[in-house]
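The structure appears below as structure tokens.
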Amino acid sequence: MIKLITQSIRQTLLWTVVTGVLYPLVMTVFAQLVFPAQANGSLIQRDGKVVGSALMAQQFTGDKYFWPRPSACTYGTGPTGIAGSSGSNLGPTSAQLQKNVDAAALRTASKLPADAPVPADLVFASASGLDPHISPEGARFQISRVAAARGLSADVVGKLVDQFVEAPQWGFLGEPRVNVLQLNLALDAASPKKP
Amino acid sequence: MNHPNAWIQFALYVGALLFLTKPLGLYLVQVLDPRGRTWLDPVVRPVERLTYRLCGIDPEKEQAWTGYTLAMLLFSVVGLLFTYVILRLQDHLPLNPQGFPGLSPALAFNTAASFTTNTNWQSYTGEATMSYFSQMVGLTIHNFTSAAMGIAIAAALVRGIARHTAKTIGNFWADTVRVTYYLLVPVCFVFALVLVSQGIIQNFQPYTVAKTYEPYTIQVPKLDAKGNAVTTSVPKTDDKGQALKDDKGQPVMVDQPVMVDQKVDTQTIVQGPVASQIAIKMLGTNGGGYVNANAAHPFENPTPLANFLQILSIFAIPAALTYYLGRMVKNQRHGWAVWGAMFAMFVAGALVCWHSEDAGNPIHQKLGVAAADGNMEGKEVRFGIFNSALFATITTDASCGAVNAMHDSFTPLGGLVPMFNIETGEVIFGGVGAGLYGMLIFVVLAVFIAGLMVGRTPEYLGKKIEAYDVKLVMLVLMVLAATILGGTAWAAVSTWGQAGLNNAGPHGFSEILYAYSSSVGNNGSAFAGLTATPADGDMHYNTTLGLAMLIGRFLMIVPILALAGNLAGKRLIPASAGTFKTEGLTFVLLLVGTVLLVGALTFLPALAIGPVVEHFLMRAGTLF
């Protein structure tokens, strides 16, 4: 019994060193050497300042930008700093969820008729609250609004959207998608005057 | 379900799983034998020997089931206390760049129990609660040890079945040490690096504060100099916005916090040693995320490829263990029969879940949401409907519990699948080790039922299954069911239980049922709207769920090791014409039938007042 207890304590200490300290440290060294950009959060910089991460949505509400999916956690940012990533966790019969699903407002913003179907990803909150992507349909749905706000032709904005449609990985893994932050950055770069 | 891409991914997944089963199974045969040989021997063998020396372990000295069990229990208790202390003292320990405080006693207990038992239920928000030190030292080590322990116990049970007239079932220390060194650490090392290539972070920096593109304003409560919320007295109104009057006709006044505008022009981006934890979280079917959103968070699961590898790693070891079983009992067809039964239930569950999520929610479709898009609430675009449903099925078939979509927002039947998967004991490939030993409980039961049907003493692989064995099996099944249903019932009728709910109506009941199922099943996924750590500090949920995890883990393992010890001591009886064959289609069907029957008989009444009734209410358009 005593022997088993000392063995238990020694084992716990040993695994603390091996799996709790050495393993993450060695992994960090390798990750920083081989894939430094990814290991540090795929950060995007503009004029030397970090403006976000390619893997994280941030809030856009202005008409001149494409909007990301709704977030149940204000895109990970609260009044005092970090807000825990999360979905709404509202169930299928939730009245609150039905209220949140504001398809009509999106139609109005895009000046579409009242029977135009709205892509689901634009009205439903993502699982993480940080989903960096919208579906290609979700992006095309917003083209007319963005183009009008920027005084560009829908054709020009549409072409830009097409450039940013990522196919499923290796052709079949996952879904086609558009990274909203990267699209908006490109949009600003393509519009000569800052609107 | 008319998506060719999805079917291709499904086929690829199944193919990869089938392909991995045999080679990984053969590797496990070597790993789980103290004298086994692997290609890692030149590097790892010296480390292994050193470990034995440092810990005073003689790997060749086998233990009886009692010694094996005692070692397992003591090791768990020490680990539990160790993590409890780290979490409580977090603010005094290093690597805490965000300056998080120590955890409350109930939360620290719940978390320590959760990670010790391979549950990895998280009553906290990772990125806003845990320091890097707590994540690495307090939690990652349990990801390894609890996984190694599960595999060790499965091996001990298999040895009990394979041996005859034997007194011992292996050495607990040698099993866990070898599994960690030869299997978990090397695979995780490669796996974590691949995950980093896909975008999972791995660093020790403080959180990055980005200057966002488009500043916006939010409303926050105004605070006075002491940090207390400033309130003002306003007339109270009813649901329709009419001012309420008291008996004297005076307006009823109520205190309301004063809100002020705050400009937000930054985004806080989480950092930390994430990839190293994610690799073992998936491979060891732990499932405890680094951040709150778990594998839905772009930093835990950035691409469809990362997603594919993560779900493959959940099933890899459990599938290989069925091959290990076949090899050890010298009846490979038995191993494949167990694999086949698991596989059939996996495919059935995945298809039901996928179909439900794909069909979506008529309530929202009436509002003009594109019906073809399915139910996207709580799902990520890069995974879509199919990969979210597949992940949910796999993570609950196994006792993993990682999530890449919010199960709470699934359609009723889509959410029923994960819940039922957990309640049937997570034996569909299952957790590492836990899936196999759980399934072997059902195998013994199936053999017993078959014996009753033909009126013969049941036999399993040349051993008589007797009253003592069946009693142990029934003990396991009944304790687990009673804990799930008892806990659910208690919470459902208590104020503290209802206070934690995020949804009303039958969905609220489902949140409670899921919580206790997940804890007892050591799964760790959740209908995550449930708040187990309320702001008022109520300890009921964290304490009862923590106890449920301990019961679910140890009241399962101890009888199983007793069964292993008892089986090991039995004599072999030669097979005869009347021996029930534990291979082939008949056996697969009987095994699947046993699992489903026990699960259905026990849990259908509870499921009927949760997801089943909710399904019909959703179709009728009822809202809560």
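So that you can scan it fast, the table gives a plain yes or no per residue for (1) of a type in the set (A, V, I, L, M); (2) in the same structural domain as B:L585 (by TED's automatic domain parsing); (3) part of a loop (DSSP other than H, G, I, E, B):
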residue: B:A279; (1), (2), (3): yes, no, no
residue: B:P298; (1), (2), (3): no, no, yes
residue: B:A320; (1), (2), (3): yes, no, no
residue: B:W339; (1), (2), (3): no, no, no
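Among what's in the stretch B:163-177 and is of a type in the set (A, V, I, L, M, F, W, C) and more than 14 Å from chain A (Cβ to nearest Cβ), pick the residue that is nearest to B:R327 (Cα to Cα).
So, considering only residues that are of a type in the set (A, V, I, L, M, F, W, C) and more than 14 Å from chain A (Cβ to nearest Cβ), the one nearest to B:R327 (Cα to Cα) is B:I169.
Out of all the residues in the stretch A:75-129, which are among the β-branched types (V, I, T) and either in contact (Cβ under 8 Å) with a residue 60 or more places away in the chain or at the interface with chain B (Cβ under 7 Å from one of its Cβ atoms) (or both)?
A:T77, A:I82, A:T93, A:V101, A:V118, A:V123
For every residue, the table says whether it meets (1) out of contact with any helix residue (DSSP H, G or I) (no Cβ under 6 Å at 6 or more places or on another chain); (2) open to solvent by less than 30 Å² (accessible area, probe 1.4 Å); (3) modelled with pLDDT under 95; (4) assigned by TED's automatic domain parsing to the domain that holds B:I441.
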{"residue": "B:A106", "(1), (2), (3), (4)": "no, yes, yes, no"}
{"residue": "B:A128", "(1), (2), (3), (4)": "yes, no, yes, no"}
{"residue": "B:L139", "(1), (2), (3), (4)": "no, yes, yes, no"}
{"residue": "B:R159", "(1), (2), (3), (4)": "yes, yes, no, no"}
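Checking B:G102 against (1) within 12 Å of chain A (Cβ to nearest Cβ); (2) in contact with a Lys or Arg (Cβ under 8 Å, 6 or more places away or on another chain); (3) assigned to a loop (DSSP other than H, G, I, E, B), which single condition isn't satisfied?
Among (1) within 12 Å of chain A (Cβ to nearest Cβ); (2) in contact with a Lys or Arg (Cβ under 8 Å, 6 or more places away or on another chain); (3) assigned to a loop (DSSP other than H, G, I, E, B), B:G102 violates only (1).
May I ask you to list the residues in the stretch A:7-44 that are at the interface with another protein chain (Cβ under 7 Å from one of its Cβ atoms), over 24 Å from B:G199 (Cβ atoms) and open to solvent by 70 Å² or more (accessible area, probe 1.4 Å)?
A:I9, A:R10
What pairs can you find where one residue is in the stretch A:16-44 and in a helix (DSSP H, G or I), the other is surrounded by fewer than 18 Cβ atoms within 10 Å (Cβ to Cβ), and their Cβ atoms are less than 6 Å apart, with a gap of 6+ or different chains?
Filtered contacts from the stretch A:16-44: A:A39/A:Q32.
Restricting to the stretch A:130-156, name every residue that is in contact with a His (Cβ under 9 Å, 6 or more places away or on another chain) and more than 7 Å from chain B (Cβ to nearest Cβ).
none
Would you please name the residue that is farthest from the other protein chains (Cβ to nearest Cβ), looking only at residues in the stretch A:57-67 that are in contact with a Leu (Cβ under 8 Å, 6 or more places away or on another chain) and open to solvent by less than 30 Å² (accessible area, probe 1.4 Å)?
Looking at residues that are in contact with a Leu (Cβ under 8 Å, 6 or more places away or on another chain) and open to solvent by less than 30 Å² (accessible area, probe 1.4 Å), I get A:F66.
Which condition number in (1) buried (at least 24 other Cβ atoms within 10 Å of the Cβ); (2) modelled with pLDDT of 95 or more; (3) of a type in the set (G, A, S) is the one that B:S399 fails?
(2)
Which of (1) away from chain A (no Cβ under 14 Å); (2) part of a helix (DSSP H, G or I); (3) more than 27 Å from the chain's Cα centre (by Cα); (4) crowded, with 17+ Cβ neighbours inside 10 Å is the odd one out, the single condition B:T51 does not satisfy?
(1)
Please indicate, with yes or no, whether at least one residue in the stretch B:408-427 is away from chain A (no Cβ under 12 Å) and small (G, A, S).
Within the stretch B:408-427, one or more residues are away from chain A (no Cβ under 12 Å) and small (G, A, S).
Among the residues of the stretch B:404-411, are any open to solvent by 10 Å² or more (accessible area, probe 1.4 Å) and in a helix (DSSP H, G or I)?
Scanning the stretch B:404-411 turns up no residue that is open to solvent by 10 Å² or more (accessible area, probe 1.4 Å) and in a helix (DSSP H, G or I).
Mind telling me which of the residues B:S517, B:S510, B:S494 ends up being among the hydroxyl-bearing types (S, T, Y), open to solvent by less than 20 Å² (accessible area, probe 1.4 Å) and within 14 Å of chain A (Cβ to nearest Cβ)?
None of the other options fit; the residue is B:S510.
Taking B:G599 as meeting all but one of (1) surrounded by 14 or more Cβ atoms within 10 Å (Cβ to Cβ); (2) touching a Phe, Trp or Tyr at 6+ places or on another chain (Cβ under 8 Å); (3) of a type outside the set (A, V, I, L, M); (4) not in a helix (DSSP H, G or I), write down the number of the exception.
(4)
When only residues in the stretch B:426-452 that are of a type outside the set (A, V, I, L, M) and part of a loop (DSSP other than H, G, I, E, B) count, which is farthest from B:V158 (Cα to Cα)?
Among those that are of a type outside the set (A, V, I, L, M) and part of a loop (DSSP other than H, G, I, E, B), it is B:E426.
Among what's in the stretch B:178-227 and is open to solvent by less than 20 Å² (accessible area, probe 1.4 Å) and assigned to a loop (DSSP other than H, G, I, E, B), pick the residue that is farthest from the other protein chains (Cβ to nearest Cβ).
Filtering the stretch B:178-227 for residues that are open to solvent by less than 20 Å² (accessible area, probe 1.4 Å) and assigned to a loop (DSSP other than H, G, I, E, B), the one farthest from the other protein chains (Cβ to nearest Cβ) comes out as B:I200.
Residues that are among the basic types (K, R) and either touching a helix residue (DSSP H, G or I) at 6+ places or on another chain (Cβ under 8 Å) or open to solvent by less than 10 Å² (accessible area, probe 1.4 Å) (or both): does the stretch A:48-56 have at least one?
No: zero hits.
With (1) free of Cβ contacts under 8 Å to residues at least 12 places away in the same chain; (2) touching a His at 6+ places or on another chain (Cβ under 9 Å); (3) β-branched (V, I, T) as the list, and B:I385 as the residue in question, which single condition is left unmet?
Going through (1) free of Cβ contacts under 8 Å to residues at least 12 places away in the same chain; (2) touching a His at 6+ places or on another chain (Cβ under 9 Å); (3) β-branched (V, I, T) one by one, B:I385 breaks only (1).
Listed here are the residues, each with its yes/no results for (1) at pLDDT 95 or above; (2) surrounded by 16 or more Cβ atoms within 10 Å (Cβ to Cβ); (3) of a type in the set (D, E).
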site	(1), (2), (3)
B:A532	no, yes, no
B:A568	yes, yes, no
B:P574	no, no, no
B:V595	yes, yes, no
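Filter the stretch B:15-40 down to the residues that are exposed (fewer than 15 other Cβ atoms within 10 Å of the Cβ) and either more than 14 Å from chain A (Cβ to nearest Cβ) or in contact with a Gly (Cβ under 8 Å, 6 or more places away or on another chain) (or both) and list them by number.
B:L18, B:F19, B:P23, B:L26, B:R35, B:G36, B:R37, B:W39, listed by residue number.
Residues to consider are B:A6, B:A11; find the one that is open to solvent by 40 Å² or more (accessible area, probe 1.4 Å), out of contact with any His (no Cβ under 6 Å at 6 or more places or on another chain) and either in a helix (DSSP H, G or I) or of a type in the set (G, A, S) (or both).
Being open to solvent by 40 Å² or more (accessible area, probe 1.4 Å), out of contact with any His (no Cβ under 6 Å at 6 or more places or on another chain) and either in a helix (DSSP H, G or I) or of a type in the set (G, A, S) (or both) holds for just one of B:A6, B:A11, which is B:A11.
List the pairs whose first member sits in the stretch B:606-624 and is more than 10 Å from chain A (Cβ to nearest Cβ), whose second member is of a type in the set (V, I, T) and open to solvent by less than 50 Å² (accessible area, probe 1.4 Å), and whose Cβ atoms are under 8 Å apart, counting only residues at least 6 apart or on separate chains?
Pairs found: B:A606/B:T488.
Looking only at the stretch B:335-377, how many residues end up being touching a Phe, Trp or Tyr at 6+ places or on another chain (Cβ under 6 Å) and either open to solvent by 10 Å² or more (accessible area, probe 1.4 Å) or free of Cβ contacts under 8 Å to residues at least 60 places away in the same chain (or both)?
The total comes to 2.
For the stretch A:115-157, which residues satisfy the criterion of being under 23 Å from A:G41 (Cα atoms) and among the hydrophobic types (A, V, I, L, M, F, W, C)?
Hits for the stretch A:115-157 are A:A125, A:A127, A:L130, A:I134.
The values are calculated or read from the model by the stated rules, or taken from the named source; none is laboratory data. What you are looking at is a predicted structure, and each value in this text was computed from that prediction instead of being measured. Glycine also receives a Cβ, built like all others from the backbone with ideal geometry; neighbour counts cover every protein chain displayed. Each accessible area value is taken on the protein alone, full model and side chains, heavy atoms only, with ligands, DNA and RNA left out. Shrake-Rupley method; radii C 1.70, N 1.55, O 1.52, S 1.80 Å.
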